[in-house]
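Asks: For reference, the structure I am asking about is given below.
The values are calculated or read from the model by the stated rules, or taken from the named source; none is laboratory data. All values reported here derive from a predicted model rather than from experimental measurement. Counting neighbours? That spans all protein chains shown, and the Cβs are built from the backbone with ideal geometry, glycine included. All accessible areas refer to the heavy atoms of the entire protein, side chains included, with ligands and DNA or RNA removed. Shrake-Rupley method; radii C 1.70, N 1.55, O 1.52, S 1.80 Å.
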Amino acid sequence: MSQPPRHPRAKPAALVEETQVLAALDRAVRHHERGAPTAPSWAILEHLGVPRRSGEARLVRAALRALDAAGQIEISHPHGVEAWALTGKGRRRLRRAQRAGRLTPLPESPQHRRWRGAQTLAGQELERFTRGLREQLERGLALLDAGEPAPSDTWFELAEALRRECRLVGSATHCLREWPEPDDSTADLDTRLEPGEESLDLDARERQRALRMGRRNVALWRARN
């Protein structure tokens with residue numbers, strides 16, 4: 001009896017290494033922004049660089065079930081979402097593979113990819129954002145130098161434009177020059193506080209944090225285009 005044809009994009013099960021799945025789960029848990037001890041399947045796929053809807057993703061999910069059956073990971077359903085955690089048995093297997101040098105390196109982590117993408121985009125856009133800010137500043141100077149006072153709404157509109165352009169320049173400057181390269185041993189979280197500011201009183205800390213809201217969110221830059 002002839003075998004059914006294999007999907008051309010699917011990989012043989014042997015190419016989905018269980019130890020690499022364990023490593024991806026371990027890194028996904030370490031990078032969880034809320035510090036949860038579990039990671040959902042989609043996060044594990046992200047750390048493996050595997051598209052969610054692919055033949056390889058199905059093989060990864062099969063590997064997760066096999067690791068669960070072997071007692072090396074365990075499943076839970078926080079808030080109704082399927083999530084996984086390493087067990088002591090799974091951690092020991094992962095450590096053995098690491099010590100023996102038998103662990104295939106994981107692809108670039110999602111948080112490092114975000115940092116690199118933000119740096120690249122900031123390098124491309126900072127000059128344009130600076131020109132936009134300069135144009136608004138010159139507009140304000142022209143209004144001040146005009147013989148006739150401008151209507152109040154003109155100043156309110158300028159205030160909004162200046163705020164927008166200043167935030168774009170500030171955000172791009174932060175992403176390009178001030179955002180440290182993430183260390184994959186821990187989650188890359190923006191506390192929006194700089195070293196030493198933890199000693200400020202609560203009101204001062206919250207003012208600084210509010211001022212820096214969204215400084216790494218390059219999706220907000222699209223409004224400038």
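Asks: Of the candidates 155, 42, 179, which one comes out as most mobile in a Gaussian network treatment of the chain with C-alpha springs shorter than 10 Å?
Replies: Evaluated over the chain, the most mobile residue of the options is 155.
Asks: Any idea of the accessible area per residue across region 58-204, 1.4 Å probe, to the nearest Å²?
Replies: Ligands and nucleic acids excluded, the figure is 64 Å² per residue.
Asks: Then there's this: Mind listing the Cα extents of region 120-185 along all three principal axes, in Å, largest one first?
Replies: Sorted largest first, the three principal extents are 60, 18, 13 Å.
Asks: So between residue 213 and residue 68, what do we pick up on full extension, going 0.36 nm a residue minus the alpha carbon distance? Mind showing how you got there, number by number?
Replies: Numbers: separation 145, 0.36 × 145 = 52.20 nm, distance 4.01 nm.
Stretched fully, the residue 213-residue 68 segment lengthens by 48.2 nm.
Asks: If you roll a 1.4 angstrom probe over the protein chains with everything in place, what fraction of the accessible area of region 90-168 belongs to carbon and sulfur, to the nearest %?
Replies: On the way: 2820 of 5440 Å².
With neighbouring chains kept in place, the figure for region 90-168 is 52 percent.
Asks: A follow-up question, please. Given the Cα atoms of the chain, and with Rh set as the inverse mean 1/r over their pairs in the Kirkwood sense, what is Rg to Rh to two decimals?
Replies: 1.15
Asks: Helix 110-145 versus the longest principal axis of the chain: what is the Cα-based angle in degrees, 0 to 90, to the nearest 10?
Replies: Between the helix axis and the principal axis of the chain, the angle is about 10 degrees.
Asks: About its Cα centre, how strong a charge dipole does region 82-158 have in debye, to the nearest 20, once Lys and Arg get +1 and Asp and Glu get -1 at the Cβ?
Replies: With only Lys, Arg, Asp and Glu charged at Cβ, the dipole is about 1920 debye.
Asks: I've got another one for you. For residue 75 and residue 52, what does the FRET efficiency come to when R0 = 25 Å and r is the distance between their Cβ atoms, rounded to the nearest 0.05?
Replies: Working: r = 18 Å, r/R0 = 0.72.
Once rounded, the FRET efficiency stands at 0.90.
Asks: Spin-label point model (7 Å from Cα, Cβ direction): what's the residue 89 to residue 145 distance in nm?
Replies: Each label point lies 7 Å from its Cα, and together they span 7.8 nm.
Asks: While we're on this one: Give the peptides 68-75, 163-170 in descending order of average Cβ contacts within 10 Å, highest first.
Replies: Ranking, from highest mean packing down: 163-170, 68-75.
Asks: While we're looking at this one, here's another question. Based on the mean of other beta carbon atoms within 10 Å per residue, what is the order of 141-153, 88-100, most packed first?
Replies: So the order, starting with the most tightly packed, is 88-100, 141-153.
Asks: Using alpha carbons only, how many degrees (0 to 90, rounded to 10) separate the axis of helix 18-30 from the longest principal axis of the chain?
Replies: Helix 18-30 sits roughly 30 degrees off the main axis of the chain.
Asks: Treat each spin label as a single point 7 Å out from the Cα along the C-beta direction, and report the residue 100 to residue 114 distance in nm.
Replies: Here the answer is 3.5 nm between the modelled labels.
Asks: Rounded to a whole number of µm²/s, how large is the Stokes-Einstein D of region 73-117 at 10 °C and 1.306 mPa s, given Rh as the Kirkwood radius over C-alpha pairs?
Replies: Here the translational diffusion coefficient equals 122 µm²/s.
Asks: Between residue 177 and residue 127, with labels modelled 7 Å along Cα→Cβ, what's the label distance in nm to one decimal, could you check?
Replies: Placing both labels 7 Å along Cα→Cβ, they lie 1.6 nm apart.
Asks: So, with a 1.4 angstrom probe, what is the percent of accessible area on region 178-223 that is carbon and sulfur?
Replies: Working: 1710 of 3230 Å².
Ligands and nucleic acids excluded, carbon and sulfur give 53 percent.
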